[in-house]
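Take a look at the structure below.
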Amino acid sequence: MDYYLIEPEIIKDLYQMEQTIVEDITIMKKKVQDTQEGLLKDNMRMNEEMKKLVEENLKNQFYNLKQELKETEEEQKSKISKIKWKTGLITFLMRLLLSAIWFLTHK
């Protein structure tokens with residue numbers, strides 16, 4: 001193609017179109033960069049929130065397990081206390097019975 005045949009107005013228009021395209025590309029690059037920065041900030045914020053939520057959840061689970069352990073421990077203490085009381089009563093009654101038998105046989 002012979003460039004000397006192209007009118008100067010067309011060359012000027014083509015140059016302006018090229019400048020417009022370059023500006024549009026620059027604007028799009030900036031928008032993409034801004035979007036990436038925004039996404040990065042959102043991602044970092046969500047990671048921090050996730051850490052807080054996980055930490056809070058773990059604290060709640062630990063507290064619940066601690067409460068369950070305390071309740072179980074109290075139940076076990078109560079059962080052991082009842083067993084000790086019953087064993088003491090049976091021991092007392094057996095000694096009383098043996099004492100009565102001994103008393104009656106050695107009279």
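The values are calculated or read from the model by the stated rules, or taken from the named source; none is laboratory data. On a predicted model such as this, the values are computed, not experimentally measured, just so you know. Using ideal geometry, Cβ is built from the backbone for each residue, glycine included, and neighbour counts are taken over all protein chains shown. Keep in mind that these areas ignore ligands, DNA and RNA; they rest on the heavy atoms of the full protein, side chains included. Shrake-Rupley method; radii C 1.70, N 1.55, O 1.52, S 1.80 Å.
What the table shows:
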quantity	calculated
Those residues of the stretch 28-70 which are of a type in the set (S, T, N, Q) and open to solvent by less than 100 Å² (accessible area, probe 1.4 Å), in sequence order	Gln33, Thr35, Asn43, Asn47, Asn57, Asn60, Gln61, Asn64, Gln67
Qualifying residue in the stretch 6-27 (condition: in contact with a Leu (Cβ under 9 Å, 6 or more places away or on another chain), among the β-branched types (Val, Ile, Thr), at pLDDT below 95 and surrounded by 10 or more Cβ atoms within 10 Å (Cβ to Cβ))	yes
